[in-house]
Amino acid sequence: MTHTASYTERPFPPSLWHATATPAGPDEPLQDDCSVDVAIVGAGFTGLSAALHLAQNGAKVCVLEAEQVGWGASGRNGGQVIPGLKYDPDGIARRFGPDADSLIELAGTAADTVFGLIEQFNIPCDAVRKGWIQTAHSPAMMRLVEKRARQWERRGAHVELLDRDAVAQRTGTRSFVGGWVDYRAGSVQPLSYARGLAAAARGLGASIYGQTRVAALERGGRGWTVTTQAGRTVNAERVLLATNAYTDTLWPGLRRSILAATSYLVATKPLSAEQGRSILEGGEVSSDSKRLLVYFRRDASGRLVLGGRGPFSDPHSPAQWRHVERALQLLFPQLAGVGFDYRWAGRLAITADGLPHVHEPAPGLNVVLGYNGRGVALATTLGKVIASYIAAGSRGGLPYPVTAIRRIPGHGLQRAYLAAGVTWYRLLDALS
């Protein structure tokens, strides 16, 4: 059977891209037909991590990317490397029963995977591992934060609870009643990290092609034929789809199993010593506990990088970042009048259950997507996990559940659906 993609992604405006990553030349397109053990569609964190680990296991791998390495959310996120899932450990235990322990271990060590690869392959990406401060905006949220911290502490995580004054001292804002620090977390320059993963994978023998959109997948005999939009073919024993929020119609129903939200980010001009003296001086990253959270960190040049959810269409004017700039000004009034060097946006994949999804819709075809805003650590880790599964020929289980692809009801109205959800969550955040 053949499945053909008809959805064409509009190019992202280069002038709005976060421009502080290590320069790299364009990835060349696939020019000739070839045969490999594994073909991977998508050169984000999932696909690149899988390619690297498969190549380490001796597999012949090629990665096919419609744009360039890190072009999607992997190069356009806030750079926060946070372990864990959206569910707390006790919630995971209730949801998954006897399988929970391995899943909690997998999620809890996800940041270790990232920083381990950075160290092993000497990836230049401004890596800092000083922890993640999750702030609480109300006493009710503080009680939930305390429970979360205690649950991870019981499982061996290095954490610390913070009162109002301690949070204000560490973050530079008095907008919160308290919080906790998870010292397993940290930050990277995400596009540089993606390019570093690509370089490491290439060094192990993997082939990575940019400007190579996949148009069709066809299963025949014991393998797959992957056909590009330019008409080149790749014959592969196995295929991994790793397209996350930029998933198209290549496989039936997959695009409708996630909602593609948009995250908007800004980076200030480098702060002066006086301006930056109180803001995340310890090198931590931070986000709040609201359903529509705001997240922020300092970059290697001393800028304050802050992001949050916004309109669901691709941005075209600096005015579309005003809500994020306003949030920065409310949190940090001491930065009144600060200028902005960069504005950018990227899509993230939201799943109905708030969990990443691993699928195997046909023999020899795997899908991993849906990180719900935790993609740096989780995508890298699940790329490693799925690589081990593929390398073993699907023998043995995965430490993560494999589920059927389920379309989200009313997906065709996703913009209205998400907009209504944003309004509802803003109300809940205000009430809490």
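Under 10 Å, Cα contacts only: if you run a Gaussian network model on the chain, which one of P356, P270, P333 comes out with the highest mean-square fluctuation?
Comparing P356, P270, P333 in the GNM, the peak value goes to P333.
Once neighbouring chains are kept in place and the probe is 1.4 Å, which whole percent of the accessible area of the range 320-384 is contributed by carbon and sulfur?
The computed percentage sits at 52.
Which of G70, G91, G373 moves the most in a Gaussian network model of the chain with Cα springs under 10 Å?
The residue that fluctuates most here is G91.
What are the ³J(HN,Hα) values, in whole Hz, obtained from phi via the Karplus relation 6.51 cos²θ - 1.76 cosθ + 1.60 with θ = phi - 60°, for each residue of the range 136-142 in sequence order, with x given for Gly and Pro?
Listing the rounded values in order: 10, 8, 7, x, 4, 5, 4 Hz.
Limiting things to C-alpha atoms, what are the Rg and the maximum Cα-Cα separation (Dmax) for the chain, in angstroms?
Values for the chain (Cα only, Rg and Dmax): 21.0, 66 Å.
Taking the simple approach of a point 7 Å from Cα along Cα-to-Cβ for both F121 and A319, what is their distance in nm?
Spacing of the two 7 Å Cα→Cβ label points: 4.3 nm.
Which of Q31, Q56, Q320 moves most in a GNM of the chain, Cα contacts under 10 Å?
Maximum among the listed residues: Q31.
Which FRET efficiency value, to the nearest 0.05, do you get for S388 and E160 by plugging their Cβ-Cβ distance into 1/(1 + (r/R0)^6) with R0 = 35 Å?
The computed FRET efficiency comes out at 0.55.
May I ask you to give the percent of accessible area on the range 254-298 that is carbon plus sulfur, with a probe radius of 1.4 Å?
In the range 254-298, the share of accessible area belonging to carbon and sulfur is 44 percent.
Please list, ordered by chain and number, the residues whose modelled amide H lies under 5 Å from the amide H of D288; skip anything fewer than 5 residues away on the same chain.
Here T135, V294 satisfy the definition.
Tell me the relative contact order for the chain as a rounded percent, counting alpha carbon contacts under 8 Å between residues six or more apart.
25 percent
As I understand it, the value is the acute angle between the Cα axis of helix 322-331 and the longest principal axis of the Cα atoms of the chain; what does it come to in degrees, rounded to 10?
Taking the Cα atoms of the chain, the angle to 322-331 is about 40 degrees.
Where Rh denotes the Kirkwood radius from the mean inverse Cα pair distance, what is Rg over Rh for the range 250-325?
So for the range 250-325, dividing Rg by the Kirkwood Rh gives 1.10.
Can you give the FRET efficiency to the nearest 0.05 for K269 and R395, using r as the Cβ-Cβ distance and R₀ = 45 Å? Please report the intermediate quantities before stating the final value.
Numbers: r = 54 Å, r/R0 = 1.20.
Efficiency for this residue pair is about 0.25.
How big is D for the range 278-318, in µm² s⁻¹ as a whole number, if Stokes-Einstein is applied with the Kirkwood radius of its Cα pairs at 20 °C and 1.002 mPa s?
179 µm²/s
May I ask you to compute the full-extension gain from S102 to R143, defined as 0.36 nm times their residue separation minus their alpha-carbon distance, rounded to one decimal in nm?
Difference between extended and current length: 12.1 nm.
Taking a virtual spin label 7 Å from the Cα of E153 along the C-beta vector, which residues in the range 169-202 bring their backbone nitrogen under 15 Å of it?
Only 179-184 pass the distance filter.
Provide the net charge surrounding A236, with neighbours chosen by a C-beta distance below 10 Å and charges set as Lys +1, Arg +1, Asp -1, Glu -1.
So the environment of A236 carries a net charge of 0.
Assuming 0.36 nm per residue, please report the length gained on full extension of the stretch Q56 to T109 beyond their Cα-Cα distance.
Between Q56 and T109, full extension yields 17.0 nm more.
State whether the range 48-88 is rounded, prolate or oblate according to the following rule on the C-alpha gyration tensor (a ≥ b ≥ c being the square roots of its eigenvalues): a/c under 1.5 gives rounded; otherwise a/b larger than b/c gives prolate, and the remaining case gives oblate.
oblate
I want to check the label-to-label distance for R94 and A336. Put each point 7 Å from Cα in the C-beta direction and report it in nm to one decimal.
4.6 nm
Run the simple label-point estimate for D32 and A362 please: 7 Å along Cα→C-beta, distance reported in nm.
The two pseudo-label positions are separated by 2.7 nm.
Counting only helical runs of four or more DSSP H residues, what would the 222 nm mean residue ellipticity of the chain come to if each run contributes -39,500 (n - 2.57) and the total is spread over all its residues?
Rounded to the nearest 500, it is -9000 deg cm²/dmol.
Once you've got the Cα coordinates, tell me which of K130/K269; K86/K130; K147/K384; K130/K384; K60/K130 are over 28 Å apart.
K147/K384; K60/K130, as the Cα separations exceed 28 Å there.
Loop sites only, by DSSP: take the GluC sites (Glu not before Pro) in the chain that have at most 15 other C-beta atoms within 10 Å and name the longest stretch containing none of them. Could you put the intermediate results ahead of the total?
Working: sites that count: E9, E281.
That would be 10-280.
For G196, what is the net charge nearby, where nearby means another residue's Cβ is under 13 Å from its Cβ and Lys, Arg count +1, Asp, Glu -1?
Charge balance in the 13 Å sphere: 0.
Rolling a 1.4 angstrom probe over the protein heavy atoms, how many square angstrom per residue are accessible across the range 199-356? Each step should come with its number before you reach the end.
Working: 6110 Å² over 158 residues.
So the range 199-356 comes to 39 Å² accessible per residue, rounded to a whole number.
Looking only at Cα atoms, what is the convex hull volume of the range 21-165 per residue, in Å³?
Taking only Cα atoms, the range 21-165 has a hull volume of 170 Å³ per residue.
Accessible area per residue of the range 69-112 at 1.4 Å probe, in Å²?
Details: 1600 Å² over 44 residues.
With the other protein chains kept in place, the range 69-112 gives 36 Å² per residue.
Around R219, with a cut-off of 12 angstrom between Cβ atoms, what is the net charge of the other residues, counting Lys and Arg +1 and Asp and Glu -1? Don't skip to the end; give the middle numbers.
Details: positive: R222, R238; negative: E218, E237.
Surrounding charge for R219 is 0.
The values are calculated or read from the model by the stated rules, or taken from the named source; none is laboratory data. Owing to the predicted nature of the structure, the values given are computational and were not obtained by experimental measurement. With ideal geometry, Cβ positions are generated from the backbone for all residues, glycine too; neighbour counts draw on all protein chains shown. Accessible surface areas use protein heavy atoms only, side chains included; no ligands, DNA or RNA. Shrake-Rupley method; radii C 1.70, N 1.55, O 1.52, S 1.80 Å.
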